[in-house]
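Here's the structure we're looking at; comments come further down.
The values are calculated or read from the model by the stated rules, or taken from the named source; none is laboratory data. Nothing here was measured: the structure is a model prediction, and the numbers come from that model. Heads up, the Cβs are rebuilt from the backbone with ideal geometry, glycines too, and the neighbour counts pull from every protein chain shown. Remember, those area values only see protein heavy atoms, side chains included, never the ligands or the DNA or RNA. Shrake-Rupley method; radii C 1.70, N 1.55, O 1.52, S 1.80 Å.
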Amino acid sequence: MNAIELRQIQVHVQQKHILKGINMTVEEGDFVTLLGPSGCGKTTLLRTIAGLQKLNEGTVVISGNKVADGNLAYHLDPAKRGVSLVFQSYALWPHMTVFDNVAFGLQVRKQPKAEIRKSVMAALDKMRIPELADRYPGELSGGQQQRVAIARAIVTSPSILLLDEPLSNLDAKLRTEMRAELKRLHRELGTTIVYVTHDQHEAITLSTKVAVFFGGELVQADTPRVLYRHPRTLQVAEFMGSSDHPLNRVEGVCRTSGGVSTVSTALGSFRLAGMNGGADGAGAVVLTVRPEDVVLHENRTAGSIPVKVEDVLPAGGETLVRVAYGQEKLGARVIGDHDYAPGRMLYASFREERINLYDRETGRRLETGVTTITPILEEIQR
Amino acid sequence: MLHKPVLNTWQARWLNRCRDALRNPLYLIGAAALLFLAYTIVWPVLNLIWSTFVWKTQDARLTPAADPGHLTLYHWSRVLASDMSWSLFYKPVLNALAVGVTVSALSMVFGCGLAWLVTRTDVPLKKTITFLAIIPYLLPSWMLSQAWLTFFKNSKIGGTPGILQSVLHVTPPDWLAYGFVPIVLTLSIHDSVYFFLLVGAALSSMNSQLEEAAEMAGAGRMQVLRRIVFPLMLPSVLSGFILIFTKAVSSYGVPALLGTPVNFYMISTMLYSSMRSRLTTEANVLSLTLMLITMLAIYFNQRLLGGRRSYVTVTGKGSAVTHVPLGKWRLPAAVGTAAGMVLIAVVPFIVLLLQTFLLKDGSLSPDNFTLHYWTGGSDPDINTGEKGVLQNPIFLLALKNSMIIAGIASVTAAVIGLLFGYAVARGKNTAMGRLVDQLSFVPYFIPGISLAAIYITMFAKPVLFIPALYGTITIIILITVVKELPFTVKAGGAAMMQIGPELEEAAVLGGASWFTRFRRLLLPLSRKSLLSAFILVFIGAMKEMELIIMLVTPRTETLTTLTFYYVEKGYDQLTNVVLMIIIAIVVAVYALAVKFGKADLTKGLGGQ
């Protein structure tokens, strides 16, 4: 059974069209990340699943039960959906102790005191903070508050745990630590987790599946690996890269003659194998390759192009080398500490299977039938 | 529960919408709030306006042209253009405007000066000065008038003359003893505290770096004041000016004590005497005039400020404030200010207290001291046999009434403020939330004495399921709650604003009903603001005068109206005894709140 099924979700918030027809399925036990820049609707979607936001159209099905139906204006109470939510601000009640914060939901459900105590302590144990039970949220550090917020969410053993940018208020070191904690928690609890973030690195580290949103639409939902290697649109491709290592993009024109498709760019021509020569192969295209898929050689090797070093940006364990081939600039991410003098000539080659090709007009990836993108050597060696 | 098969889609959708709306606390509270506001504010005001345009049965004795139930402009022309217009309308209006403007100007000078001294200079004794500045607020404004009379009363109105005449044998002239001058002075002293708190808050939140930046740019001290500080303070100064203007224009207690002996009438006192002489409709016209003046004042305030209101919160951060060194003026300034405060806050109090022990005014000889006015029995030679206050059943009744009224009204007002504030804060993007916000501000435009005038006619007879409330304590509680709405709803809304919606949503996910959320989250989290609202309403109700003076009947006598009764009879010592008791209660409640509730009155006042 699917944990969550979203069908044609449309949501307007204060006359603004926030979600525009979202279709998505989350399988039981998945760790799904909703990823996207701020304002893309990912938090709204999370709130719609939780029931805090009413939808205008579409349906939400949780564990086989329909919990919201826009057509009937039906919305099941958030508390009855079997979901828990960890808020971005944690939303810990400042006037209650950690124990009471965690116990609140159970107290409201009128469970016996002894049982509440047991469940609360178990939840605090799971988050490894049993010693904080009698403290107030104001006395805790950000990381500890985070743990309390999660403990409060898991104490009712929800079938689905929703997390809204839970790590965004933590410093870098704590964030890494909490990521590991979340992964452990997911393993131990086996709960389905839906996680909202705008940090693509976090999404890739944590999830079994990443859903990327832009402007209220779901653009791509895939495993982190597929998403990273083959982003469906240029927008996703740009977003998945880090700002330190911007994506290399080269514009070109695709032509098909005699059943063979070729892309000519400023870096030379590339042959598209398996391209069926259809209309989608023709026209203006953009070729992308990530900096780590650009390999630099000191000596000429097969399939490489001569480039001139412009800039070297060491970052400890790796180095970003910026090179130029004529007017075209490229970034190459090289493991280790390399020091090349600016102006020096090197040879660059690309990991063929990592090159992606996009339609310049629509920004969509051309995937129909393209199996490999091979540089045409003769052209490059000119 | 979900779409039963017998229902079609449209029906199911409609049913679900209704169910959601009925279970949404926001709609329920909002709807209840709107009903309450419509009945206690909108309807009465419309009623009042209507009443000035129709003939009444009792008008038949004024003119044969009266045609009960039909429309007429008779009342308006009688008030505005007849041989009695000058004394009934124009003179009181002019007097009120003159008093309003003068009091605001004087308070501005006192209040701003004090605020600057306390927040921006290195004057010592800041805490003492601030504390002393709050005292006049705790005292009823007419206590100062009473003290004034004790000093400056001359033989004109009979009874024992004031200290000046009996001790120094100087007869104070009428202009000094009664009328414009003392009214303006006592009101200014009392109202400066609002200025002090409003401007003080703005000054202390203004970043010194703004001034320093101007100094760096080469501006001199005066230029910095004129071009940086003053424009930044303008919004708070203007707000303070309007606040005090509206308060002064509609004040009743002070002009009643100091104005009536020399026939110096303001709108409020004329309104009261018109009501007393059964000129109800004329009184209504006066009410509308008073409301119009208040509205115009606020309208001009908004116009002048335009979009600049946001200056009040210059920065939210408590940034470093550099204090202006006063040099050799440091000590004199502190001592002078403190002494001045003592003179206006403490001395009158002591004089009045002392007077309660004097058998005859003005004589300090040992055999003149007595406890008669506190505990004595009936003595036909003194005050025509009126008993000492603590022996007097009327006093005990008034004390009980006052405590009940202030107690119930303050709790109700604070809770209603919180509930309405919830509707305002959570519904700030809905038409309903805005309507609740705006309607609950309307009582601000209605001077207390006008509101009372409206309520008398409105609650004189039973309407629907609401019985005739006139003559009950309920109506006094109700009017107090309604009159305080502008303040309590603002305070409640601000408190609710500070509680992030996600704190509540977290509880929703936990399965808590709205009542549970209110009881376990909203109430404890807004405790401080609730307590401040409670204290302010309680203190206000304890010293309330203009709002209830027309509504009380012998059965619902309160401490304040009792003092007025004694004043009218000329029983000075008895008046002062009751006054002392009112002050004792107010101060005790305030002290308890500060000690146990950590309430901060100075913060609460700023929001008023």
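For the reader, a short list of remarks on this structure follows.
- Some residue of region A:47-61 being within 21 Å of residue A:3 (Cα to Cα), touching a Phe, Trp or Tyr at 6+ places or on another chain (Cβ under 6 Å) and more than 12 Å from every other protein chain (Cβ to nearest Cβ): no
- Cβ-Cβ contacts under 6 Å between residues 6 or more apart (or on different chains), taken from a first residue in region A:62-85 that is at the interface with chain B (Cβ under 7 Å from one of its Cβ atoms) and of a type in the set (Gly, Ala, Ser) to a second residue that is open to solvent by 20 Å² or more (accessible area, probe 1.4 Å) and not in a loop (DSSP other than H, G, I, E, B), are listed as A:73/B:13; A:73/B:17.
- Candidate set from region A:86-115 (those that are among the aromatic types (Phe, Trp, Tyr) and at the interface with chain B (Cβ under 7 Å from one of its Cβ atoms)); member that is farthest from residue B:20 (Cα to Cα): A:93
- Residue among B:538, B:518 that is more than 14 Å from chain A (Cβ to nearest Cβ) and either assigned to a helix (DSSP H, G or I) or at pLDDT below 90 (or both): B:538
- For the residues A:135, A:147, A:179, the requirement of being modelled with pLDDT under 95, open to solvent by 60 Å² or more (accessible area, probe 1.4 Å) and either more than 11 Å from chain B (Cβ to nearest Cβ) or under 22 Å from residue B:521 (Cα atoms) (or both) singles out A:135.
Here's the yes/no breakdown for (1) among the acidic types (Asp, Glu); (2) free of Cβ contacts under 8 Å to residues at least 40 places away in the same chain; (3) within 14 Å of chain A (Cβ to nearest Cβ):
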residue: B:15; (1), (2), (3): no, yes, yes
residue: B:26; (1), (2), (3): no, no, yes
residue: B:30; (1), (2), (3): no, no, no
residue: B:41; (1), (2), (3): no, no, no
residue: B:46; (1), (2), (3): no, yes, no
residue: B:58; (1), (2), (3): no, no, no
residue: B:66; (1), (2), (3): no, yes, no
residue: B:74; (1), (2), (3): no, yes, no
residue: B:86; (1), (2), (3): no, yes, no
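- Some residue of region A:92-99 being assigned to a helix (DSSP H, G or I) and open to solvent by 20 Å² or more (accessible area, probe 1.4 Å): yes
- Some residue of region B:175-188 being in contact (Cβ under 8 Å) with a residue 24 or more places away in the chain and more than 31 Å from the chain's Cα centre (by Cα): no
- Residue within region B:192-204 that is farther than 30 Å from residue B:349 by Cα and out of contact with any Phe, Trp or Tyr (no Cβ under 9 Å at 6 or more places or on another chain) present: yes
- Out of B:106, B:94, B:117, B:132, one residue alone is free of Cβ contacts under 8 Å to residues at least 40 places away in the same chain and in a helix (DSSP H, G or I). It is B:94.
- Subset of region A:219-270 [closer than 16 Å to residue A:203 by Cα, out of contact with any Leu (no Cβ under 6 Å at 6 or more places or on another chain) and modelled with pLDDT under 85]: A:242, A:243
- Count of residues meeting criterion [open to solvent by 10 Å² or more (accessible area, probe 1.4 Å) and assigned to a loop (DSSP other than H, G, I, E, B)] in region B:461-485: 9
- On inspection, residue B:579 does not qualify as at pLDDT 85 or above, open to solvent by less than 10 Å² (accessible area, probe 1.4 Å) and more than 26 Å from the chain's Cα centre (by Cα).
- Within the option set B:185, B:138, being out of contact with any helix residue (DSSP H, G or I) (no Cβ under 7 Å at 6 or more places or on another chain) and surrounded by fewer than 24 Cβ atoms within 10 Å (Cβ to Cβ) holds for one residue only, B:185.
- Test: residue in region A:35-42 that is more than 9 Å from chain B (Cβ to nearest Cβ) and in a helix (DSSP H, G or I): yes
- Selection within region B:19-30 - open to solvent by 50 Å² or more (accessible area, probe 1.4 Å) and modelled with pLDDT of 85 or more: B:27, B:28
- Residue in region B:522-535 that is out of contact with any Lys or Arg (no Cβ under 6 Å at 6 or more places or on another chain), modelled with pLDDT of 85 or more, part of a loop (DSSP other than H, G, I, E, B) and within 14 Å of another protein chain (Cβ to nearest Cβ) present: yes
- Residue within region B:389-404 that is loosely packed, with under 13 Cβ neighbours inside 10 Å and out of contact with any Phe, Trp or Tyr (no Cβ under 6 Å at 6 or more places or on another chain) present: yes
- Filter result for residue B:555 (within 14 Å of another protein chain (Cβ to nearest Cβ) and not in a loop (DSSP other than H, G, I, E, B)): no
- Taking each residue of region B:491-515 that is at the interface with chain A (Cβ under 9 Å from one of its Cβ atoms) and looking for partners that are open to solvent by less than 50 Å² (accessible area, probe 1.4 Å) and among the polar types (S, T, N, Q) with beta-carbon atoms closer than 7 Å, six or more apart or interchain, yields B:509/A:84.
- Condition met for residue B:127 (over 28 Å from residue B:540 (Cα atoms) and assigned to a helix (DSSP H, G or I)): no
A quick yes/no check of all residues on (1) of a type outside the set (S, T, N, Q); (2) in contact with a helix residue (DSSP H, G or I) (Cβ under 8 Å, 6 or more places away or on another chain); (3) crowded, with 19+ Cβ neighbours inside 10 Å; (4) farther than 30 Å from residue B:335 by Cα:
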site: B:52; (1), (2), (3), (4): no, yes, yes, yes
site: B:56; (1), (2), (3), (4): yes, yes, no, yes
site: B:65; (1), (2), (3), (4): yes, yes, no, yes
site: B:71; (1), (2), (3), (4): yes, no, no, yes
site: B:110; (1), (2), (3), (4): yes, yes, yes, no
site: B:113; (1), (2), (3), (4): yes, no, no, no
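- Residue B:201 falls short on exactly one of the conditions (1) open to solvent by 30 Å² or more (accessible area, probe 1.4 Å); (2) closer than 30 Å to residue B:449 by Cα; (3) in contact with a Gly (Cβ under 8 Å, 6 or more places away or on another chain), and that condition is (2).
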